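The values are calculated or read from the model by the stated rules, or taken from the named source; none is laboratory data. These numbers come from a predicted model, not from an experiment. Every residue, glycine as well, gets a Cβ built from its backbone with ideal geometry; the counts of neighbours run over all protein chains shown.
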């Protein structure tokens, strides 16, 4: 009986009715297959955008707060640097980084440079290094990671022969220290 009713409806609808029903089914499938997932993605993107905007507003307020107190900002900057009494400790960290990369630091030149205007003392460390490029590169990376008060002033490489894997490097670091009160 259901089949007879369906056949009768199909004859009454005709080709235009069938096309309309087919388009309706395709539109519903398109909605759930294409539009709905994109709507969900759009909502997630909007939520992320709002979260980023909130973080931006919060960080802008922090920057404005810091800008209002330049003396405190400067004091916090100088407070980051350890006193010169810790020089041996930082040199030991550099030596351990070399040991981990199987490099031997046989000699070094050290020089203290006092800044007349600022409140920092610079400690210049010149190190001759002999090793492979990966060893030297890893050593420098370790030093910069483990010694946050270090900066590279200069670095040069020299190879004795073209195919030689060993390099002679000259590394000059600057370690920044606060002044002892």
inquiry  = Take the residues in the stretch 127-148 that are buried (at least 17 other Cβ atoms within 10 Å of the Cβ) and out of contact with any helix residue (DSSP H, G or I) (no Cβ under 7 Å at 6 or more places or on another chain); name whichever of them is farthest from residue 94 (Cα to Cα).
reply    = 131
remark   = Taking the stretch 111-126 and keeping only residues that are in contact with a helix residue (DSSP H, G or I) (Cβ under 8 Å, 6 or more places away or on another chain) and either at pLDDT 95 or above or within 15 Å of residue 152 (Cα to Cα) (or both), one is left with 123, 125
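Scan 11, 96, 57 and give me the residue that is without any contact (Cβ under 8 Å) to a residue 60 or more places away in the chain, within 18 Å of residue 147 (Cβ to Cβ) and assigned to a helix (DSSP H, G or I).
Residue meeting the stated conditions: 96.
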key: Where residue 151 falls short, out of the listed (1) in a strand (DSSP E or B); (2) at pLDDT below 90   = (2)
message = So the check is Cβ under 9 Å with 6+ separation or different chains; which pairs have a first residue in the stretch 27-43 that's modelled with pLDDT under 80 and a second one that's assigned to a helix (DSSP H, G or I) and exposed (fewer than 11 other Cβ atoms within 10 Å of the Cβ)?
response = none
ask   = Do the conditions hold for residue 105, that is, is it in the same structural domain as residue 171 (by TED's automatic domain parsing), touching a residue at least 24 places away in the same chain (Cβ under 8 Å), buried (at least 17 other Cβ atoms within 10 Å of the Cβ) and more than 29 Å from the chain's Cα centre (by Cα)?
value = yes
